[in-house]
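Written out below as structure tokens is the structure these notes cover.
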Amino acid sequence: MVNYSKNSSGPVRDTDARKARAEAAAVASKSTTGMLRDDDTDPSMPVFFYMPNEHPYGVFCQWQESYFTVARSSFSYLERNALPGQTQDPSQTASTPNPTTQKQKEETITFNCCEQYMMYCKALFFQDTPSAKRILSTSSPKEQKAMGRSVKGFNEYEWSFIRQKVGEEGNYAKFTQNKPMRRVLLGTRERMIFEAARRDDIWGIGMDKATAVATWKALGAQAGESWGGNILGKAIMDVRARILREIDGGRGWTGEDVVGDKVKSEREKKVRSLGKRLRDIEVLKGKRDAGGKLQPNQIEKIEKEGELRVELEELGVEAV
């Protein structure tokens, strides 16, 4: 069997990949500590994470304590009629406002980590209300995961249509409401993010961090061709792109004008310029928080953050 990589000029045979992975694992076992510490801040390497509280990227773990609040109404995307071949229940389409429903839309739920959010969503999706309540009642990610695994009516096929969306929405709330964590996320810039979970090849890559780093060094980007689904890593990268679009006024990473798009006023130019500078500061702060070394001029940029935010407020714009 032959695997092809979009970034390669030819095929990569499975036997070659297996041999390289075995050699990489042997190298990793001899020099894990120093190698991984350096690779965490190497911009040419992907970001690998697994357990919470690991510096600097443990913040990406679903078990990392990270309180965030979401509106009950935000769970509407979990409605079962969104699945292929299913239609909406006529009883749910009544045009007369329901006072109870309106009240629920104003209510919020606070989660202590993304694991709790995900397991709660799983219980909601499969309409297991007792499990949903139990999941909210414990602050232990381990217990939350166990409760999520015992959700009644669970169906892997149906869950597969919604699980990445759940991962993205939970992490979006987490990183937008926890600024130190958001800085770490934005500090990764455009690096790929992988969950190095050896026993999980759906949410993770089915490989531990040491082996993954060594394999990447041996094979380059082609290494990822044989890894697991990395659903969580993809969701976090989607959140990063989403936050950057919001910071940059919806214009993407570069902040440059779209061809043919005329700037309507000096105010718009100023707002966009300030937004770009604040975005760059967030990236620098993320690099600093991850242990990277900053140049004197970069430190000066960070020190001007307060002034830039004041300027934006004077223009009637709230900084993200």
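Tabulated results
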read-out: Unique residue being of a type in the set (Asp, Glu), within 17 Å of the chain's Cα centre (by Cα), farther than 30 Å from Gly220 by Cβ and outside any loop (DSSP other than H, G, I, E, B) when the list is Glu158, Glu115; value: Glu115
read-out: Residues of region 245-295 classified as within 30 Å of Phe48 (Cβ to Cβ), of a type in the set (A, V, I, L, M) and modelled with pLDDT under 75, total; value: 0
read-out: Among (1) assigned to a loop (DSSP other than H, G, I, E, B); (2) touching a residue at least 60 places away in the same chain (Cβ under 8 Å); (3) not β-branched (Val, Ile, Thr) - the single one Arg199 does not satisfy; value: (2)
read-out: Check on Arg189, at positive phi, assigned to a loop (DSSP other than H, G, I, E, B) and not small (Gly, Ala, Ser); value: yes
read-out: Selected residue [surrounded by fewer than 14 Cβ atoms within 10 Å (Cβ to Cβ) and modelled with pLDDT of 90 or more] from Ser76, Ser66, Ser91; value: Ser76
read-out: Long-range neighbours under 8 Å by Cβ, at least six apart or interchain, first residue under 17 Å from Thr69 (Cα atoms) within region 178-191, second of a type outside the set (Lys, Arg) and assigned to a loop (DSSP other than H, G, I, E, B); value: Asn178/Ser66; Asn178/Tyr67; Met181/Gln64; Met181/Ser66
read-out: Residue check, Gly148 touching a helix residue (DSSP H, G or I) at 6+ places or on another chain (Cβ under 6 Å), of a type in the set (Gly, Ala, Ser), assigned to a helix (DSSP H, G or I) and closer than 30 Å to Ala221 by Cα; value: no
read-out: Condition met for Lys122 (under 20 Å from the mean Cα position of the chain (by Cα) and without any contact (Cβ under 8 Å) to a residue 12 or more places away in the chain); value: no
read-out: Checklist (1) more than 24 Å from Val239 (Cα to Cα); (2) at pLDDT below 95; (3) of a type outside the set (Val, Ile, Thr) applied to Pro180, failing item; value: (1)
read-out: Check on Glu282, buried (at least 16 other Cβ atoms within 10 Å of the Cβ), under 18 Å from Lys179 (Cβ atoms) and either assigned by TED's automatic domain parsing to the domain that holds Thr188 or within 20 Å of the chain's Cα centre (by Cα) (or both); value: yes
read-out: Where a residue in region 271-293 is farther than 13 Å from Leu308 by Cβ and its partner, wherever it lies, is among the hydrophobic types (A, V, I, L, M, F, W, C) and not in a helix (DSSP H, G or I), with Cβ under 6 Å and at least six apart; value: Arg288/Leu294
read-out: Any hit, region 133-147, residues being outside the structural domain of Thr41 (by TED's automatic domain parsing), within 17 Å of Leu78 (Cα to Cα) and within 21 Å of the chain's Cα centre (by Cα); value: no
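The values are calculated or read from the model by the stated rules, or taken from the named source; none is laboratory data. It should be emphasised that the depicted structure is a prediction, and the values quoted were computed from it without experimental measurement. As a convention, Cβ positions derive from the backbone with ideal geometry for all residues, glycine included, and neighbour counts pool all protein chains shown.
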